[in-house]
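The values are calculated or read from the model by the stated rules, or taken from the named source; none is laboratory data. This one's a predicted model, so the numbers in the text were calculated from it and none came from an experiment. Quick reminder, even Gly has a Cβ in these numbers, built from the backbone with ideal geometry, and neighbours come from all protein chains shown. Please note that ligands, DNA and RNA were not included when accessible areas were found on the heavy atoms of the full protein model with its side chains. Shrake-Rupley method; radii C 1.70, N 1.55, O 1.52, S 1.80 Å.
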Amino acid sequence: MAEKFAVVGQSEIRVDGRALVGGQPVFVDDAATDAKTLHLALLWSPHAHARIRSIDTTAAADVPGVELILDHRNTPDKRYTTAGQGYPEPSPYDARMFDTKVRFVGDRVACVAADTVAVAQQAAELIEVEYEILDAVLTIDAAIAEGAPVIHDETDALDVWNQDRNVAAHMVGAAGDVAQGFAESDVVVEVTTETQYAQHAPLEPHAVYSYFDANGRLVIVSSTQVPFHVRRIVGRLLDLPVHSIRVIKPRIGGGFGVKQEVLIEDLAALVTVRTGRPAKLIYSREEEFISSRTRHPMRITTKLGAKADGTLHAIETTALSNTGAYGTHGLTVLSNVGSKTLPLYNKAPHVRFFGDAVYTNLPVGGAYRGYGATQSYFALETAVDRLAAELGIDAMEWRLRNHIREGETSPIFKALGEGREGVDQIITSCALEECIKRGAERIGWADKRGKRHRDGDWIHGVGMSIHMQGSGIPLVDMAAATLKMNDDGSFNLLVGATDLGTGSDTILGQIAAEVLGVPLDHIVVTSSDTDLTPFDTGAYASSTTYVSGMAVQLAAQDVMAQILEVAGAILNTPTDELTAEGGLITRADGETVTLSEVALRSLYAADQRQIAATRSFVPEVSPPPFMASFAEIAVDERTGQIRIVDYVVAVDCGTAINPNLAEGQVEGALVNGIGYALYEEIIFDDKGKPLTDDFARYKIPGVLDIPPIEVILVESYDPTGPMGAKSISEIGINGPIPTIANAVHDATGVWLTKTPFSAERVWRALREYQDRQPSVTPPVRP
Amino acid sequence: MSRTQIAEYARPESLNEAWGFVAAAGPSMRLVAGGSDLTIASPPEVTRLVDLSGALSNEIRVTADGEINIGAMATLSAIAEHRTIASHASGVVAAMMTDVGSPLLRNTATIGGHLARGKLSDIIPVFIALDAEATTYTGELHTMTLAEYYDDAVNKQPHILTNIRLPPLPHATAAFLRLSRTAFDFPIINACCRVDFDGDLVTDARIVLGATPLRSQRASAAEAVVTAADLTPDGIAAAAEAARAEITTKGGWTASAEYRTHLVAVLVERCLRQIAGDGGAA
Amino acid sequence: MNIELTLNRDLTTVDVAPGETLLEMLRRLGFTSVKDGCAHGDCGTCAVLIDGRAATACLLFAAQADGREITTIEGLVDDGFGLAEAMLDVGAVQCGFCIPAMILTAADLLRRESAPTRAEIATYLAGNLCRCTGYVKQLDAVELAIARAEEVTSG
Ligand SMILES: Cc1cc2nc3c(=O)[nH]c(=O)nc-3n(C[C@H](O)[C@H](O)[C@H](O)COP(=O)(O)OP(=O)(O)OC[C@H]3O[C@@H](n4cnc5c(N)ncnc54)[C@H](O)[C@@H]3O)c2cc1C
């Protein structure tokens, strides 16, 4: 029941677009820096696991131009988490600004502040550190082995599940009794998958600039997804009151979750506090790879049990997540492995999720688009194809019969939240069936599935998978919006929400414009400045459109009510007899008053006041967007190379506030997912040092690597969201791994269980598969 | 990594003047052609740069008999876009060039810089297969085959590469194939085959493997298999097998030696099939 | 050392350090459209036009620009082929970090070829990485700019 909208549903041009295409100075590193600015350089640990015996900074400090050197001896020793999450963060407090122990190659050892970058780097190289090298834990299995080296042996860490056993976090959620469920099932399949270390690789690396303003307040300009969490976390860490800190997020060059971490703001802030001078730190690409955050690699086992008629009866997912050296997002990503996947097949009365996130001496996991769901869908959606095959049911048909629908629920919603219990919810919109049908039609499922069309050495196959995600974190996220009216009938919209390139400033402006009946250019959007804009938990968990959008809608409705009140006074009419459209308030007899007249009256003439409102929104549910993902692929039998021939996804995101931007979210997520499925991987040497520390070695997809992609937006209307909208930013990344794996099976009979599906890995799998096939003599037919 | 120690930048106006810098200097001096190597990473001992743009030609000249003479400063794009090169040896150079890095690289990277660098390359195996000759200057000019140029006694000694010559190959058909993770990526392995025909008879052949990941290697036994016969499916299969046996490969983190060796045969077979006209799957 | 170059059509003398890259020089001079995304020639966000051809400014020494013509997006005034508008119209801009370089690279192509195919456009943009968009709308945008230019010439 989509409503008719004027501004919403239009592909409006981004409000920040012209500045971006013109290359205006809108990013952190573009700010003209004060001549007194100190530039920071870091000394990173060369060892995966070591205790720092001593640090000698005398030679470094003697370099002319060096102002300050920070290490564990002169910095706060509080434990904290770099995860930019709501307070109290569900991640363990297991990190220090600088510790006496280093836990991965790329862990912080010291930081030099100097007049130039070159001097700072040169001085950092002169710092002498004596390490006591400890045995390193480089795999999940090594981490949980009996007698494994203990990575977090400190006594002051908080909320670590089991320090002695290297378990950072643990999560269970269940309904029914899976043992009974599997016993009662006619067909049971079990799949174990493994996913690799990967990096977000936003083209703008982490960047921060800090200074004291004229009034002595600390200003932190940061490339962050979470300005308000930066303010709180830096304040606590450095013992600075929140009122003394202002965090500004300018335009940022992509985030994808990696900027939901407070990674460098503390350093710049402390340097400014200690020296009084501005401080700047821009990560190099190498630093972005070795010492920012990654996607948690996981080993996941999913077991499905079904009745002979195909009805799913039991699901169990067990996950081992590698959280790396610190536990940031360890628990919540782990929770999402279950919570964002298992409700999809809600017909099963017996469901169980069980998982551990373990420490290793490898880079730190973090929030990465998809947030555990991406890893989990590999196991779940390939298990579904195997189950359907065992049952002799077409994989698409099986999904149509078993997926969740509008008006239904799943016990997992309540059993598994973000690191804690979740909330009950009923699905209030679901166009998944239509997504599946339209995607299948477009890819040619009926004609191509199971046909193994051959073209030279290339064998074709088609595969699919279906997905859900969420829209914000219920009862945790909070967003606020302030809207105020100007003389000319325009409005300032102030939001704490963080546009990281997604276009949220634009779509939030569209929501306000829609309610107020004005074009988008009458809404001046200001976002993400902790002094000027109201609070918002930040851009993560697919929350902005749904949560911040709702706050905007509420504020705009409140402002509209105030406008009608003033208009009623001008027109001498009760407000309920007025209608608002196209910047005019109209009385039943056609008499009108303009918004500007309303504003002028209330600002200057009678009953003077600022027409304005601030409204907050806390979601009580998290309505999932849904997606059906389809691909036709071809496998080169002789080299193992996979070529994606055609990719189609159909997505139900509720109302698409801005269809172009919505499609762009899906296309971008999909291509990132394709890279992750096929080649993106951080590779380590046998001492835990990453070898893939630049874009020459860590390959992300380029324009020549993308297949033809079609995104079909299947409209639904979610009554709980702004103008019927849900979310769209993350879900797209979940498709490629299982869709491609299922298509490879369709083409070759091989089940891939380990990502990335590199040519060599596929070649080996094909060879092994052929070796296993009994050599059959073809039956002789008369 | 740092380039701040670089204190001098010279741009000599003649080859002789440039050689003056090279002859006088030790390891503190480096030549700059396109500039890509040293902008990415300058060893700490490098303090002086000598820009070759004023000393060397970037011209591509074609003689009446079809010989192509390429000045060392010619960019990879200029080579890829050159009319004669586009059809030389069935267009293999132009086709291969689109696999080298990206247009943004090829528009400034030079053939001289690429060949002097001599590392992991898509161009070298093709140029070896096309019997390219290199001319160097060490106070006097020397001309040699590209394979000879890669002798450490030449390549690792101070020299300036001035020209590359591609001899006319009117009877040649050639093919180049590579495998990489993404399109804009260094090759995991590549192969170039060139076959000279007299009617259906193969009169001469070059089979060169690159990115094994060592320097380019010629598969002479495989060449012998296909020479002096028609290019038949059996001959192609035998040549691929011979190449697999004779080419040494090494493993690394992008591919194992076993996989590279397997690919040697696949790529050689596909190149030869393409040449034979039954289009080996690309 | 001083170099003399034509920077966005103005003959300019710039004092550069011998080891400085063209990227470093341009950013130092305030050309914020030229981004530093990797400094190794891999991402393409620092692309500028050098004598009309798009190239990564991080892979050249500033001194190599002596005597040459350098154009950044700031200098692409009436020869931008409507690419910027097209990028905005189709929604090809997300974070915008890669966009100025993407536009310059496409402009270099369109200056030499008036009607490249989608595959040819993709081949020329191969070195311009984007992590946000998946490239679909960026290819759409270049095609739209070409179509609009054709309409103008034929109409
Ligand atoms: C991002 C990127 C991607 C790449 N991808 C590929 C690829 O896919 N396939 C591939 O084959 N290659 C690839 N390369 C390698 C690339 O082709 C070479 O780096 C480039 O061609 C070097 O050319 P240049 O003119 O910039 O050389 P420069 O960097 O100027 O010089 C290279 C070296 O040679 C020396 N030198 C230069 N000219 C001469 C001369 N005339 N005589 C003697 N010595 C000289 C220099 O001192 C320097 O040591 C890639 C490089 C980069 C940066």
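The set of residues in the range B:1-17 that are over 27 Å from C:H40 (Cβ atoms) and either away from chain C (no Cβ under 14 Å) or open to solvent by 50 Å² or more (accessible area, probe 1.4 Å) (or both) comprises B:E13, B:S14, B:L15, B:N16, B:E17. Taking (1) on the phi > 0 side of the Ramachandran plot; (2) within 22 Å of the chain's Cα centre (by Cα) in turn, A:G450 satisfies each apart from (2).
Can you confirm whether C:A86 is closer than 24 Å to C:K137 by Cβ, touching a helix residue (DSSP H, G or I) at 6+ places or on another chain (Cβ under 6 Å), hydrophobic (A, V, I, L, M, F, W, C) and within 16 Å of the ligand (Cβ to nearest atom)? Talk me through it step by step, then tell me what you get.
Details: closer than 24 Å to C:K137 by Cβ: yes; touching a helix residue (DSSP H, G or I) at 6+ places or on another chain (Cβ under 6 Å): yes; hydrophobic (A, V, I, L, M, F, W, C): yes; within 16 Å of the ligand (Cβ to nearest atom): no.
Criteria not met by C:A86.
Within the range B:117-145, the set of residues being within 10 Å of the ligand (Cβ to nearest atom), in contact (Cβ under 8 Å) with a residue 12 or more places away in the chain and open to solvent by 40 Å² or more (accessible area, probe 1.4 Å) comprises B:R117, B:L120.
Going through A:A60, A:A41, A:A19 one at a time, which residue ends up being outside any loop (DSSP other than H, G, I, E, B) and either within 14 Å of chain C (Cβ to nearest Cβ) or open to solvent by 70 Å² or more (accessible area, probe 1.4 Å) (or both)?
Details: A:A60 fails: either within 14 Å of chain C (Cβ to nearest Cβ) or open to solvent by 70 Å² or more (accessible area, probe 1.4 Å) (or both); A:A41 fails: either within 14 Å of chain C (Cβ to nearest Cβ) or open to solvent by 70 Å² or more (accessible area, probe 1.4 Å) (or both).
Matching residue, one of A:A60, A:A41, A:A19: A:A19.
Taking the condition of being among the hydrophobic types (A, V, I, L, M, F, W, C) and in contact with a His (Cβ under 8 Å, 6 or more places away or on another chain), how many residues in the range A:542-587 meet it? Can you show your working first?
Of all residues in the range A:542-587, those among the hydrophobic types (A, V, I, L, M, F, W, C) come to A:547, A:550-552, A:554-556, A:559-561, A:563-564, A:566-567, A:569-571, A:578, A:580, A:584-585.
Next, only the ones that are in contact with a His (Cβ under 8 Å, 6 or more places away or on another chain) stay: none.
Residues in the range A:542-587 being among the hydrophobic types (A, V, I, L, M, F, W, C) and in contact with a His (Cβ under 8 Å, 6 or more places away or on another chain): 0 in total.
Residues in the range A:500-517: is at least one farther than 25 Å from C:C95 by Cβ, in contact with a Lys or Arg (Cβ under 9 Å, 6 or more places away or on another chain) and of a type outside the set (S, T, Y)? Checking the range A:500-517: not a single residue is farther than 25 Å from C:C95 by Cβ, in contact with a Lys or Arg (Cβ under 9 Å, 6 or more places away or on another chain) and of a type outside the set (S, T, Y).
For the range A:45-52, state whether one or more residues are away from chain C (no Cβ under 14 Å), out of contact with any His (no Cβ under 8 Å at 6 or more places or on another chain) and not in a loop (DSSP other than H, G, I, E, B). Within the range A:45-52, one or more residues are away from chain C (no Cβ under 14 Å), out of contact with any His (no Cβ under 8 Å at 6 or more places or on another chain) and not in a loop (DSSP other than H, G, I, E, B). Selection of first residues in the range A:577-589 that are more than 18 Å from A:D487 (Cα to Cα) and among the hydroxyl-bearing types (S, T, Y) and of second residues that are open to solvent by 50 Å² or more (accessible area, probe 1.4 Å) and in a strand (DSSP E or B), restricted to Cβ pairs under 8 Å at least 6 apart or on distinct chains, gives the following pairs, ordered by first then second residue: A:T586/A:T579; A:T586/A:T592. One residue alone among A:D477, A:D505 is buried (at least 19 other Cβ atoms within 10 Å of the Cβ) and touching an Asp or Glu at 6+ places or on another chain (Cβ under 6 Å), and that residue is A:D505.
Taking C:A57, is it open to solvent by less than 10 Å² (accessible area, probe 1.4 Å) and more than 9 Å from every other protein chain (Cβ to nearest Cβ)? Walk me through it before giving the result.
Values: open to solvent by less than 10 Å² (accessible area, probe 1.4 Å): yes; more than 9 Å from every other protein chain (Cβ to nearest Cβ): yes.
Spelling it out, C:A57 is indeed open to solvent by less than 10 Å² (accessible area, probe 1.4 Å) and more than 9 Å from every other protein chain (Cβ to nearest Cβ).
When you scan the range A:118-136, do you find a residue that is touching a His at 6+ places or on another chain (Cβ under 9 Å), at pLDDT 95 or above and assigned to a strand (DSSP E or B), even just one? Yes, some residue in the range A:118-136 is touching a His at 6+ places or on another chain (Cβ under 9 Å), at pLDDT 95 or above and assigned to a strand (DSSP E or B).
Restricting attention to the range A:646-667 and to residues that are in a strand (DSSP E or B) and touching a Cys at 6+ places or on another chain (Cβ under 9 Å), the residue that is farthest from the other protein chains (Cβ to nearest Cβ) turns out to be A:D652.
Only one residue in A:I706, A:I682, A:I644, A:I712 is surrounded by fewer than 24 Cβ atoms within 10 Å (Cβ to Cβ) and in contact with a Lys or Arg (Cβ under 6 Å, 6 or more places away or on another chain), so which one is that? Show your work before the answer.
Details: A:I706 fails: in contact with a Lys or Arg (Cβ under 6 Å, 6 or more places away or on another chain); A:I682 fails: in contact with a Lys or Arg (Cβ under 6 Å, 6 or more places away or on another chain); A:I644 fails: in contact with a Lys or Arg (Cβ under 6 Å, 6 or more places away or on another chain).
Going through A:I706, A:I682, A:I644, A:I712 in turn, just one is surrounded by fewer than 24 Cβ atoms within 10 Å (Cβ to Cβ) and in contact with a Lys or Arg (Cβ under 6 Å, 6 or more places away or on another chain): A:I712.
Taken over the range A:283-330, the residue count meeting the criterion of being open to solvent by 10 Å² or more (accessible area, probe 1.4 Å) and of a type in the set (G, A, S) is 2.
In the range A:464-511, of all residues being of a type in the set (A, V, I, L, M) and within 14 Å of another protein chain (Cβ to nearest Cβ), the one that is farthest from the chain's Cα centre (by Cα) corresponds to A:I507.
The requirement of being closer than 26 Å to A:G702 by Cβ, open to solvent by 40 Å² or more (accessible area, probe 1.4 Å) and either of a type in the set (S, T, Y) or more than 9 Å from every other protein chain (Cβ to nearest Cβ) (or both) is fulfilled nowhere in the range C:12-20; no residue meets it. Of all the residues in the range C:112-130, those that are touching a residue at least 24 places away in the same chain (Cβ under 8 Å) and more than 13 Å from chain B (Cβ to nearest Cβ) number 3. Checking each residue in the range B:33-48 for being in contact (Cβ under 8 Å) with a residue 60 or more places away in the chain and open to solvent by less than 40 Å² (accessible area, probe 1.4 Å) picks out B:A33, B:G34, B:G35, B:S36.
Output the number of the condition that B:M144 fails; it satisfies all remaining conditions of (1) modelled with pLDDT of 95 or more; (2) assigned to a loop (DSSP other than H, G, I, E, B). Evaluating B:M144 over (1) modelled with pLDDT of 95 or more; (2) assigned to a loop (DSSP other than H, G, I, E, B) leaves (2) as the failure.
Taking the range A:698-710 only, how many residues are within 22 Å of A:Y371 (Cβ to Cβ) and either more than 8 Å from every other protein chain (Cβ to nearest Cβ) or touching a Cys at 6+ places or on another chain (Cβ under 7 Å) (or both)? Lay out the reasoning, then the answer.
Of all residues in the range A:698-710, those within 22 Å of A:Y371 (Cβ to Cβ) come to A:698, A:700-701.
Of the ones still in play, those that are also either more than 8 Å from every other protein chain (Cβ to nearest Cβ) or touching a Cys at 6+ places or on another chain (Cβ under 7 Å) (or both) are A:698.
Adding up the residues that qualify gives 1.
On the basis of being within 14 Å of chain B (Cβ to nearest Cβ), modelled with pLDDT of 95 or more, open to solvent by less than 10 Å² (accessible area, probe 1.4 Å) and closer than 29 Å to A:Y698 by Cβ, does C:Y135 make the cut?
Yes: the conditions hold for C:Y135.
Residue selection: C:D78 fails the criterion of being open to solvent by 10 Å² or more (accessible area, probe 1.4 Å), touching a residue at least 24 places away in the same chain (Cβ under 8 Å) and more than 16 Å from the ligand (Cβ to nearest atom). Quick test for you: out of A:A179, A:A183, A:A124, pick the one residue that is touching a helix residue (DSSP H, G or I) at 6+ places or on another chain (Cβ under 8 Å), farther than 20 Å from A:Y326 by Cα and not assigned by TED's automatic domain parsing to the domain that holds A:V351. Just one listed residue meets the conditions, A:A124.
Of all the residues in the range C:33-51, those that are within 14 Å of chain A (Cβ to nearest Cβ) and either farther than 18 Å from C:E69 by Cα or open to solvent by 10 Å² or more (accessible area, probe 1.4 Å) (or both) number 11. Within the range A:686-697, identify whether any single residue is more than 16 Å from B:D185 (Cα to Cα), of a type in the set (V, I, T) and within 14 Å of chain C (Cβ to nearest Cβ), and answer yes or no. Within the range A:686-697, none of the residues are more than 16 Å from B:D185 (Cα to Cα), of a type in the set (V, I, T) and within 14 Å of chain C (Cβ to nearest Cβ). Listed by first and then second residue, the pairs linking a residue in the range A:483-498 that is closer than 15 Å to A:R601 by Cα to a residue that is in a strand (DSSP E or B) and open to solvent by 10 Å² or more (accessible area, probe 1.4 Å), with Cβ atoms under 7 Å apart and 6 or more places separating them unless they lie on different chains, are A:K484/A:N492; A:K484/A:A612; A:M485/A:A612; A:N486/A:N492; A:G489/A:T594; A:S490/A:V524.
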